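Asks: Have a look at this one.
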Amino acid sequence: MREPIPITYKQILFLFLAGMMFPTVLHAQHSLEAGLSGGVAYYNGDIVPWVPFVMPKPAYGAVVRYNFGDRWTAKITYTHAKVAGDTTKSEPVVQGLQNFTTTINDISAMGEFNFMEYSTGSKKYNFTPYITAGAGFFSFSTEINDSLTKNHNFAAIFGLGFKYSISKKVGLSAEWRMHKTFTDKLDDREGNSGTKDWFGVANISLTYKIEFNNNCGCKNQRW
């Protein structure tokens, strides 16, 4: 007799989340939102350990959201950002590292969960805090003195934000998220092999809403 396949905690969590999402998707008013974002990015690693917003640099990009209803959203983001480290402005955990500036181009896929019912264009459900999580792929080039090194890697992402409906079609969101990379070379040096580098992004985005399956009755009830 074959032994039963063990069920892991990750599988239980997936089934739980899927069970929450399934009725929402069935009765959802699906919509698409696309727009632009701008803000700042920063680095955490061997030169700047764990302190956020040290030497923030400009970051900008684009976002596309697919709303499955009032609570759940899937999104794809593109972010172009710079991060930097300066040994004179922090307390490095590894000595001998040099100051650097790294340019990042990141494409990420994430999910969002709204803590409150929300719909861009609704007067009744016009704001909510939310959490986000997902994964990203990014290329990066690091400049130290006159040397330039190029590379790429993956990151796990988690963060939080706040959404607000400005008008029937325009939404505003403010978000702060952390990218836990699987490389120790954002600063071009493998200083502490036991830790990997991170970069954070804090931005504001404006999006325009496109609805697919409007139900006039349902929509009127939201106003």
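A short reminder: the numbers here are calculations on the coordinates, not readings from a lab. Computed from a predicted model, the values in this text were never measured in an experiment. We place every Cβ from the backbone using ideal geometry, glycine too, and count neighbours over all the protein chains shown.
Asks: Enumerate by residue number the trypsin sites (Lys or Arg not before Pro) in region 76-150 meeting two conditions: DSSP loop (anything except H, G, I, E, B), and at most 14 other Cβ atoms within 10 Å of the site's Cβ. Could the numbers behind the result be given before it?
Replies: Working: sites: Lys82, Lys89, Lys123, Lys124, Lys150; in loops: Lys89, Lys123, Lys124.
Passing sites in region 76-150 are Lys89, Lys123, Lys124.
Asks: Given points 7 Å out from each Cα along the Cα-Cβ axis, report the Ala74 to Lys180 separation in nanometres with one decimal.
Replies: With each label point 7 Å from Cα toward Cβ, the separation is 2.4 nm.
Asks: Any idea how far apart Tyr164 and Ala133 come out in nm if each label point goes 7 Å out from Cα toward Cβ?
Replies: With each label point 7 Å from Cα toward Cβ, the separation is 2.8 nm.
Asks: How would you rank 203-209, 30-36, highest first, on the average number of other Cβ atoms within 10 Å across their residues? All intermediate terms of the calculation are to be shown ahead of the outcome.
Replies: Numbers: 203-209: 19.3, 30-36: 17.1.
My ranking of the peptides, most packed first, is 203-209, 30-36.
Asks: Report, largest value first, the span of the C-alpha coordinates of region 66-144 along each principal axis, in whole Å.
Replies: Taking max minus min along each principal axis of the Cα atoms, region 66-144 gives 55, 24, 18 Å.
Asks: Taking a quarter of the surface of the convex hull around the Cα atoms of region 30-221, what do you get in nm²?
Replies: Working: hull surface 42.7 nm².
Average of the hull's projected areas for region 30-221 equals 10.7 nm².
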